[in-house]
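Before any comments, here is the structure.
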Amino acid sequence: MKTVAVIVHWGPHQPTLELAARLDASPAIAQVTVVANDGSTRPAELATSVAWILPPRNLGFGGGFQLASRDYPAAGAYLLVNNDIRIDETTIRACLDLLASTNIGVVAPTLINGNGLQSGSAKLSPVLVAPRARRPPDDRPCEADWVTGAVMFIKAECLRRVPFDGRYFLGFEDVDFCYRVREAGWSVVLSPHRAWHTGSATIPRRGNAYYIVRNRLWFTRIRGWRLRTTLVAATTAAVVLPRTLVLDVLRGRGLETSNLVRHGLLDGLGPLPLPGDPRVDEPRAAHWTAWR
């Protein structure tokens with residue numbers, strides 16, 4: 001099937017250039033497209049065969065991917081991939097072979113980082129909705145509740161019926177997407193073939209505390225999980241926020257991180273925006289921290 005790879009770019013060009021070059025050389029990838037969410041101009045070193053898209057504003061992770069995917073309606077599959085992922089041809093082909101199965105909508109490789117197995121796939125904890133890693137069998141794939149958007153192969157038909165929800169902007173849009181994919185009747189599958197996640201700073205990290213809190217609460221509320229919403233909010237207020245405040249003081253970093261957690265809690269419990277595009281004031285965390 002015709003596969004289009006989409007890299008949602010932020011930050012230094014070099015990791016994106018290197019990944020784009022590797023994917024462009026893959027016989028399994030028909031087109032490589034970069035979405036420059038940071039508004040940066042096309043690097044001169046980028047191969048002419050690679051598309052470089054400048055969105056009208058920073059659309060976030062899911063929104064940037066949706067923008068690029070609309071440019072390739074004839075694609076049979078999409079590879080959504082961060083520029084800090086290293087994936088070889090064997091893994092690409094194995095994942096695409098799995099995706100070709102009728103009932104499979106999303107496939108991801110097993111992610112490995114410097115600490116071993118990454119907690120970016122399979123399950124959420126039953127109470128606090130936190131990621132829990134699952135190691136698939138060495139010789140066969142397994143179904144997962146969700147897989148990380150750091151690298152996922154998506155059947156085009158599936159994406160047309162179940163688009164990413166751009167309002168999350170950064171974080172939990174992959175979890176939300178996979179849950180809706182499964183509800184629509186497709187399987188989300190984790191392959192035993194591996195990819196390496198270097199974890200380099202390819203997206204702004206300073207606002208993560210805000211988005212982790214806000215988007216987890218949005219996710220539980222969107223799904224109608226009232227008890228989980230209450231537990232997540234209570235744990236954030238009674239445990240996470242005081243602990244972050246103490247760490248801010250001990251590390252002499254002001255109150256920046258605890259302020260982000262507080263605003264994440266307030267926004268997470270505030271009015272839910274409509275599904276689709278991100279809020280007009282995104283990146284909202286930039287109100288309380290330096291974004292670049």
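Read-outs throughout are calculated quantities, based only on the coordinates presented, and are distinct from any laboratory measurement. Quick caveat: nothing in here was measured; it's all calculated off a predicted structure. Here Cβ is always computed from backbone atoms with ideal geometry, including for glycine, and neighbour counts include all displayed protein chains.
Annotations
- Per-peptide average of other Cβ atoms within 10 Å, ordering 99-111, 41-53, 277-289 highest first: 99-111, 277-289, 41-53
- Separation of the T48 and R223 label points, Cα + 7 Å toward Cβ, nm: 4.8
- Between I112 and A238, the modelled label-to-label distance comes to 4.1 nm, taking each label 7 Å out from Cα in the direction of the beta carbon.
- Within segment 155-178: backbone nitrogen closer than 18 Å to the A74 label point (7 Å, Cα to C-beta): 156-157
- Debye-sum result for the chain in log10 I(q)/I(0), which assumes one identical scatterer on each alpha carbon, at q = 0.07, 0.08, 0.12, 0.17 Å⁻¹: -0.25, -0.33, -0.76, -1.52
- The chain: relative contact order as a whole-number percent, Cα under 8 Å and 6+ apart: 20
- For segment 233-292, the spread of Cα positions along each principal axis, largest first, Å: 40, 30, 11
- Debye equation applied to the C-alpha atoms of segment 33-127, log10 I(q)/I(0) at 0.12 Å⁻¹: -0.53
- Summarising the label geometry, the points placed 7 Å from Cα in the beta-carbon direction at D138 and T41 lie 5.3 nm from one another.
- Sequence ranges 224-231, 188-195, 169-176, ranked by mean other-Cβ count within 10 angstrom, highest first: 169-176, 188-195, 224-231
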